[in-house]
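The values are calculated or read from the model by the stated rules, or taken from the named source; none is laboratory data. All values derive from a computational prediction rather than experimental measurement. So basically every Cβ, Gly included, is an ideal-geometry build from the backbone, and we count neighbours across all protein chains shown.
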Amino acid sequence: MWLNTSTSPFLLTGFPGLEKAHYWISFPLLMAYISILLGNGTLLLLIKEDHNLHEPMYYFLAMLAATDLGVTLTTMPTVLGVLWLSHREIGHAACFSQAYFIHTLSIVESGVLLAMAYDRFIAIRNPLRYTSILTDSRVVKIGVGVLTRAGLSIMPIIIRLPWFPYCRSHALSHAFCLHQDIIKLACADTTFNRLYPILFVFAVVLMDFLTIFFSYILILKTVMGIASSDERAKALNTCVSHVCCILVFYVTVVGLTFIHRFGKHIPHVVHITMSYVYFLFPPFMNPVIYSIKTKQIQNGLLRLFSLPCSRA
C-alpha cells in the first residue's frame, strides 16, 4: 500500500468527441435535473404535510424520493459544470467523496425497493397485523438498517483510494467520479478493489432482487386465493407502482452492467449515455409512476394545491 503523493487533480470528461455540442447536450440533462428535483421534492413535501399519507408505504416512498434526490444532487452539479463551464478539475478528496455517495446511494435504492416489497408482502399476506408489524419505530429501524448496510458495504473500497499512487493519466471517463474509473488510473495492485464490487456489492443487489422476486411470487399466490375478482384487482393495484419502480431500477442496472462488461466494441459515447440513463431515469420516473398509478398520491397532490379531490 502506498500513500498517494500526487497533487494533480483528476480531470472530468463530458462526451469525448462532442465537446462542441456540450452546451446543447446540457439542456435535456438540465430539464431532467429540474424535473427530478421538482418531482421528488414535491413527493417529500406531500408526504410530510398530508396526514392521510402517514403510513409505512408512503414513508418508504419518501425514502425512495430522498435517495433519488441524493443521487441526482451528487452527480448533476459536476456534470453541468463540465458541460457548461468546462470546469473539469476535481480534487482527490472531492472525487473520492462523490464516488462514495454515488455508490452508497445506489445500494440504498436497492435496499429501499426491498423494504417496499416487504411492506406490500405484509399488507397482502397478513393485513390484520399490518399496523402492528410495521410500526413507526420499525420503519425507522428498517430505514437506518438500509442506510447503514449501504454505507458500510461501500466503505472498504473507498477508504483504500487515497493510498494509491496515481501516476497515469488523471482523466476520468465521465463527468462525475466512479470507483471503477478511479482505480483504472492507479499504479498499484488494485485486485481487491476490482474483485470486491463484483463479489460483494453485486451480490447484495442480486440478493435484494431475488428476495423481491420471491416475495412477489408469494404475494401472487395469496392474491390468486382471494375469491372476489374485485378484491384481487384491488390488491394487485397496490403493487403496480412498486413493480414499475423495480423494473425501472433493475433494468437500467442490468443494461449498464451488460454494456460495461460486454460492450468493449460499442462506442464510448454509448457507455457514457447509458451511465446518465442509469442515474437520471429512475429518479425521473419514480415520482411519475406513483403520481399516475396511486390514487392516494393524486388526491394528496390535489389537496396540497388546494384543488377538489377526486374520489378514491
Report yes if Val112 is buried (at least 19 other Cβ atoms within 10 Å of the Cβ) and either of a type in the set (Val, Ile, Thr) or free of Cβ contacts under 8 Å to residues at least 60 places away in the same chain (or both), otherwise no. yes
Looking at Leu195, Leu199, which one is assigned to a helix (DSSP H, G or I), at pLDDT 90 or above and under 26 Å from the mean Cα position of the chain (by Cα)? Leu195
Pairs needed: first member in the stretch 217-231, in contact (Cβ under 8 Å) with a residue 12 or more places away in the chain and within 17 Å of Tyr118 (Cβ to Cβ); second member anywhere, among the β-branched types (Val, Ile, Thr) and surrounded by 15 or more Cβ atoms within 10 Å (Cβ to Cβ); C-beta distance under 8 Å; at least 6 residues apart or different chains. Ile219/Ile124; Thr222/Ile124; Val223/Ile124
Among residues of the stretch 254-275, those that are within 20 Å of Asp68 (Cα to Cα), touching a residue at least 24 places away in the same chain (Cβ under 8 Å) and touching a helix residue (DSSP H, G or I) at 6+ places or on another chain (Cβ under 7 Å), counted: 1
From Ala62, Ala93, Ala32, Ala66, residue being closer than 19 Å to Ser275 by Cβ and either in a helix (DSSP H, G or I) or at pLDDT 95 or above (or both): Ala32
Tell me, yes or no, whether the stretch 234-246 has at least one residue that is exposed (fewer than 12 other Cβ atoms within 10 Å of the Cβ), part of a helix (DSSP H, G or I) and not hydroxyl-bearing (Ser, Thr, Tyr). no
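Matching residues to (1) farther than 28 Å from Asn193 by Cα; (2) surrounded by fewer than 22 Cβ atoms within 10 Å (Cβ to Cβ); (3) small (Gly, Ala, Ser):
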residue: Gly70; (1), (2), (3): no, yes, yes
residue: Thr78; (1), (2), (3): no, yes, no
residue: Leu85; (1), (2), (3): yes, yes, no
residue: Arg138; (1), (2), (3): yes, yes, no
residue: Gly151; (1), (2), (3): no, yes, yes
residue: Arg168; (1), (2), (3): no, yes, no
